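Below: one structure, written as structure tokens.
The values are calculated or read from the model by the stated rules, or taken from the named source; none is laboratory data. Just so we're clear, the structure is a prediction, and the values are computed from it rather than from any experiment. Glycine also receives a Cβ, built like all others from the backbone with ideal geometry; neighbour counts cover every protein chain displayed. Ligands, DNA and RNA are excluded from the accessible area calculation, which covers all protein heavy atoms including side chains. Shrake-Rupley method; radii C 1.70, N 1.55, O 1.52, S 1.80 Å.
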Amino acid sequence: MKKLLICIVALGLIASCAVEDMDDTIAIQNSDKENFEMYNSLDGAMDSFDLISEQAFNEVQASSKSSSNSCASLELLIAYNENPIPGFANYDYYSKMVLNYTEEQCQFDDWTGRLEYYVAGVFQEKWKDSTVFKNVRGDEGYSFDGYRVAEQNADLSTETTKVFDVIIDGVITEPDGDSYRYTANRNFTFENRFTTDEVITLEESSLIEGITQTYFMKSESVSGNPLVYKVACFGRPTFLKYPVQGSLDFSSSFGVNFNIDFGDGSCDKEVVLTGDNGESIVFDL
């Protein structure tokens, strides 16, 4: 009888442990997914600030003369030697736009705040722009204080393929008030840009550091497997939210380490999250 009781107890412990291990695995997977979704939300918000920079560039390109009013000012072809600014020493001229959407009469639906935009070398395959965001708040409630610098890599660019290096550094604040220091180094390759066949390839490393909460989380492109975005899959500008190929590794100060695989290039929103324990879950962005 004693042996039978031991067996029952042993089997009970095994069953209990098995259930407990399964529960732990599910909890870890859910935690990994939650952390990825937080990262993805911040990254998506940063993409919307990138689009604000693109809008500023389009405004400058469409302008034929300098202008100024209470909401915006534009200066074209400023001589660098007369008005030098950091980072543009290799250019003879640059253009500058200041958008001050802080006053009520200047506010628009998509964003508010103050933005300074500088651009040079557009027609010389030496394109560079710099955007300074000052408490810029987007329509989804995220705000950003910081800067974004993009510079064309002339050595790698061709007539049909453009390569840009991008640096981002600043503080991004969620609608609920939580703030994070966001830094990123990105390398973009654009093929068939501004067409329905446009494909963007992205290699990046980024770091999110909590300000209201103490922690950090890193992401980095897996070597040889960059992120790929296709206009043909989801249309413009939605396609920027959904990589269809590539892989990112994540690590953190609180023991969250996992990989996200975005697929093989097929036009879907499915991703595979694989944790340190080798267990995977599949979900849609």
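Data table
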| read-out | value |
| --- | --- |
| From Glu198, Glu204, residue being of a type in the set (Asp, Glu), surrounded by 15 or more Cβ atoms within 10 Å (Cβ to Cβ) and more than 13 Å from Asp43 (Cα to Cα) | Glu198 |
| Filter result for Gly275 (in contact with a helix residue (DSSP H, G or I) (Cβ under 8 Å, 6 or more places away or on another chain), farther than 22 Å from Ser48 by Cβ and at pLDDT below 90) | yes |
| Count of residues meeting criterion [buried (at least 19 other Cβ atoms within 10 Å of the Cβ) and either part of a helix (DSSP H, G or I) or touching a residue at least 60 places away in the same chain (Cβ under 8 Å) (or both)] in the stretch 121-131 | 2 |
| Members of the stretch 208-219 that are open to solvent by 40 Å² or more (accessible area, probe 1.4 Å) and part of a strand (DSSP E or B) | Glu209, Phe216, Lys218 |
| Residue count, the stretch 133-168 (criterion: in a strand (DSSP E or B), in contact with a Lys or Arg (Cβ under 8 Å, 6 or more places away or on another chain) and not aromatic (Phe, Trp, Tyr)) | 14 |
| Unmet requirement for Val136, which otherwise passes all of (1) among the β-branched types (Val, Ile, Thr); (2) closer than 23 Å to Asp43 by Cβ; (3) modelled with pLDDT under 90 | (3) |
| Matching residues, the stretch 132-170, being among the hydroxyl-bearing types (Ser, Thr, Tyr), open to solvent by less than 30 Å² (accessible area, probe 1.4 Å) and more than 28 Å from Asp197 (Cα to Cα) | Ser143 |
| Sole exception among (1) open to solvent by 20 Å² or more (accessible area, probe 1.4 Å); (2) hydrophobic (A, V, I, L, M, F, W, C); (3) out of contact with any helix residue (DSSP H, G or I) (no Cβ under 7 Å at 6 or more places or on another chain) for Ala184, by number | (1) |
| Unmet criterion (only one of (1) within 13 Å of Tyr229 (Cβ to Cβ); (2) touching a strand residue (DSSP E or B) at 6+ places or on another chain (Cβ under 6 Å); (3) of a type in the set (Asp, Glu)) for Asp169 | (1) |
| Matching residues in the stretch 55-104 - criterion: being acidic (Asp, Glu) and either closer than 15 Å to Val136 by Cα or open to solvent by less than 80 Å² (accessible area, probe 1.4 Å) (or both) | Glu103, Glu104 |
| Single residue of Ile78, Ile8, Ile14, Ile28 found to be aliphatic (A, V, I, L, M) and modelled with pLDDT of 85 or more | Ile78 |
| Selection within the stretch 223-248 - surrounded by fewer than 20 Cβ atoms within 10 Å (Cβ to Cβ) and in a helix (DSSP H, G or I) | Ala232, Cys233, Phe234, Thr238, Phe239, Leu240, Lys241 |
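Conditions (1) in contact with a helix residue (DSSP H, G or I) (Cβ under 7 Å, 6 or more places away or on another chain); (2) hydroxyl-bearing (Ser, Thr, Tyr), marked per residue:
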{"position": "Val228", "(1), (2)": "no, no"}
{"position": "Gly235", "(1), (2)": "no, no"}
{"position": "Phe239", "(1), (2)": "yes, no"}
{"position": "Tyr242", "(1), (2)": "yes, yes"}
{"position": "Val271", "(1), (2)": "no, no"}
